[in-house]
């Protein structure tokens with residue numbers, strides 16, 4: 001099973017860019033759901049013709065989290081302000097209430113509804129209903145939501161981003177003359193285990209005898225548990241740490257900063273942060289993908305019924321960058337990402353240990 005880096009991070013950040021991207025591989029729905037309305041494909045961005053453009057954002061997480069979900073609304077707000085559009089944000093939504101909240105936005109005559117994570121995919125069942133006639137829909141689909149004619153989505157895969165992240169961690173270990181890294185995450189869920197597997201494979205591509213100490217704290221946002229896990233890993237001799245967490249990410253990184261242990265980000269670009277310092281930014285936040293969709297939307301070219309898959313090494317995001325690269329570190333990871341994107345490196349086979 002292929003997991004999405006962003007779908008994974010969406011689950012991480014739910015309780016708790018940087019680039020205006022372009023590109024991506026686009027696919028179109030081969031079938032469509034029957035419904036009482038026809039999906040809008042014309043008249044973007046003011047699809048209802050009322051003389052204004054209103055974008056409704058639905059998020060299961062906190063859009064002031066200084067990370068994943070905030071990137072989604074921050075980029076939307078930047079583009080909206082530049083185009084004199086209005087953004088109405090509903091955050092911390094319960095997935096069980098997604099359909100009702102979507103209907104409410106439709107009744108407010110929004111032009112586009114943007115869903116920040118596939119957890120809220122049930123909101124899409126409102127798309128064919130009369131009150132949502134003509135509304136365009138965008139979904140941060142992660143690993144993918146079953147495509148219909150009513151929405152467009154962005155997708156990516158966890159193996160690409162996390163293998164590259166692990167490779168960067170391996171480069172840090174090599175620089176330090178070390179062999180042990182730490183991976184701290186929340187509940188022992190399938191995507192978190194897959195992310196760890198991909199991270200380890202990337203790390204061992206650089207340091208073949210590298211060891212990954214993995215800790216599942218049971219909670220993506222519990223800072224106390226995360227810091228306890230870090231201290232335990234530190235006692236075991238880790239020299240690099242990846243806090244694959246939500247609200248507890250910075251708590252771990254601040255501990256790592258104090259200990260002189262490099263840390264990597266789980267999704268956003270934090271290289272400019274002078275308070276909580278990261279050695280590497282592993283970028284797969286939804287804001288960059290949404291920004292690209294909004295650019296197309298403003299041009300009237302955002303096609304409903306299609307999916308865009310973002311490929312590392314081909315598109316601007318996902319991406320991995322060293323905040324202060326030493327020697328050939330950045331050029332080396334750039335080449336790895338290009339090889340993944342061109343399929344010269346079969347990343348799935350590498351992660352599965354068959355390469």
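The values are calculated or read from the model by the stated rules, or taken from the named source; none is laboratory data. Keep in mind that this is a model prediction, so the values were computed, not measured. So basically every Cβ, Gly included, is an ideal-geometry build from the backbone, and we count neighbours across all protein chains shown.
Observations on the model:
- For residue 98: the one exception among (1) touching a strand residue (DSSP E or B) at 6+ places or on another chain (Cβ under 8 Å); (2) outside any helix (DSSP H, G or I); (3) assigned by TED's automatic domain parsing to the domain that holds residue 304: (2)
- The residues of the range 228-241 that are surrounded by fewer than 19 Cβ atoms within 10 Å (Cβ to Cβ) and part of a helix (DSSP H, G or I), listed by number, are 228, 231, 232, 234, 235.
- Residue count for the range 269-309, restricted to those that are in a loop (DSSP other than H, G, I, E, B), under 26 Å from residue 83 (Cβ atoms) and in contact with a helix residue (DSSP H, G or I) (Cβ under 6 Å, 6 or more places away or on another chain): 3.
- Unique residue being at pLDDT 95 or above and part of a loop (DSSP other than H, G, I, E, B) when the list is 52, 42, 92: 52
- Any hit, the range 251-263, residues being under 26 Å from residue 316 (Cα atoms) and in a loop (DSSP other than H, G, I, E, B): yes
- Qualifying residues in the range 71-89 (those that are touching a strand residue (DSSP E or B) at 6+ places or on another chain (Cβ under 9 Å) and not in a helix (DSSP H, G or I)) - the one farthest from residue 50 (Cα to Cα): 89
- Residue within the range 206-220 that is over 16 Å from the mean Cα position of the chain (by Cα), modelled with pLDDT under 95 and surrounded by 20 or more Cβ atoms within 10 Å (Cβ to Cβ) present: no
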